[in-house]
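Participant: Below you will find the structure I want to go over with you.
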């Protein structure tokens, strides 16, 4: 009596080899064989071992019933599972549309930095016409720039119009400038401002991502799909875009124009208004050390010995107003 083939799932191979065919022909011709058998004959069920250890041949018809039918049943079960999953997701899509569109609840909360990153990247990868981004905080981490570069270049190759607003401080940040150089060469547009209202991503004017204003750790984001809110956010972006300065960085430039003087004026203006170095740094996207350097150099120029005296001398001399009046 034949026993089941002694073979594991990892060893299964369903493509018969020449050695297996040759051995199968010999066994069919009546030759006795009890040596090692090619795994393909065992996998296909063309031979089995008898109780005395000899290999016995089986007809392809019998082998087909033993081998193919379980495989066909498994494939049918997978197809049924696929159809069931597809139908279930379709029903879930109907519920999603009912909740987030029919009832005007078109602002979703996304929690967790990884979930936010994956969600935004998925939406950006499906963007087809326009991508708007506002990135406050100065230079971005190099690893984030590397991940963004791949998807941004792919979007630009799909003829997606990409406009990005940074703060002036990126003009001295090497990794961000390298990223900007590459996306601009592919057709993107980049401008800078002293202060950017907040982080914003808008895809195809259909969905926008903004940080939760009540979450300081930036681990919660809001996905906005309400058409009226999208128009409002795009209007804010366009207004900032008109005021922003184009960043046309060339690889040979060590420090693009419009950086030190304008940043120093912004620092001094906020200092005169009573903000601390930490607050100024957060608003202008620079380090507190850079803020302190701007304040120190202004003190040296005006001959002040304290922060209060510096604010007095700035107001008295009117240097900020003069700089604004003569600015192009």
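Throughout, read-outs are computed from the coordinates displayed, never taken from laboratory work. Remember, it's a predicted structure, so these values are computed and weren't measured experimentally. Quick reminder, even Gly has a Cβ in these numbers, built from the backbone with ideal geometry, and neighbours come from all protein chains shown.
Participant: From the mean inverse distance of alpha carbon pairs (Kirkwood) and the Cα radius of gyration, derive Rg over Rh for region 107-246.
Facilitator: Working: Rg = 14.1 Å, Rh = 15.2 Å.
Here Rg/Rh amounts to 0.93.
Participant: How do 316, 206 line up, fewest other C-beta atoms within 10 Å first?
Facilitator: On the way: 316 9, 206 15.
Final ranking by Cβ density, sparse to dense: 316, 206.
Participant: Also: What is the order of 54, 75, fewest Cβ neighbours within 10 Å to most?
Facilitator: Details: 54 14, 75 10.
So the ranking, lowest neighbour count to highest, is 75, 54.
Participant: Can you tell me what percent of all Cα-Cα pairs in region 44-161 are more than 24 Å apart?
Facilitator: Numbers: 4315 of 6903 pairs.
Cα-Cα pairs of region 44-161 separated by over 24 Å account for 63 percent.
Participant: Over all directions, average the projected area of the Cα convex hull of region 9-58 and note it in nm². Mind dumping the intermediate values first?
Facilitator: Values: hull surface 13.6 nm².
Approximately 3.4 nm², given one-decimal rounding.
Participant: Sort 176, 276 so the one with the fewest other Cβ atoms within 10 Å of its own Cβ comes first.
Facilitator: Working: 176 24, 276 12.
With the sparsest Cβ surroundings first, the list reads 276, 176.
Participant: Another question, then. Which FRET efficiency, nearest 0.05, do residue 311 and residue 122 yield, Cβ-Cβ r, R0 51 Å? Intermediate results must be reported in sequence, preceding the final value.
Facilitator: Values: r = 49 Å, r/R0 = 0.95.
Plugging the Cβ-Cβ distance into 1/(1 + (r/R0)^6) gives 0.55.
Participant: If packing is taken as the mean number of other Cβ atoms within 10 Å per residue, what is the order of 60-71, 129-140, highest first? Before the final figure, lay out each step's value.
Facilitator: Values: 60-71: 13.0, 129-140: 19.8.
Going from most to least packed, we get 129-140, 60-71.
Participant: If you don't mind, there's one more thing I want to ask. Which distance in nm do the two modelled labels at residue 31 and residue 95 give, with both placed 7 Å along the Cα-to-Cβ direction?
Facilitator: Each label point is offset 7 Å from its Cα along the Cβ direction, giving 6.4 nm.
Participant: Further question on the same structure: Using packing as a proxy for protection, rank 198-204, 302-308, 262-268 so that the peptide with the highest average count of other Cβ atoms within 10 Å comes first. Let's see the in-between values first.
Facilitator: Working: 198-204: 18.7, 302-308: 11.4, 262-268: 20.9.
Descending packing order for the listed peptides: 262-268, 198-204, 302-308.
Participant: Sticking with this one: Can you give me the distance in nm between label points at residue 248 and residue 278, each placed 7 Å from the Cα along the Cα-to-Cβ direction?
Facilitator: 4.1
Participant: Let me ask something else about it. For the ranges 27-36, 114-123, what's the packing order if you count other beta-carbon atoms within 10 Å of each residue, average per peptide, and put the highest first?
Facilitator: Working: 27-36: 10.8, 114-123: 14.4.
Ranking, from highest mean packing down: 114-123, 27-36.
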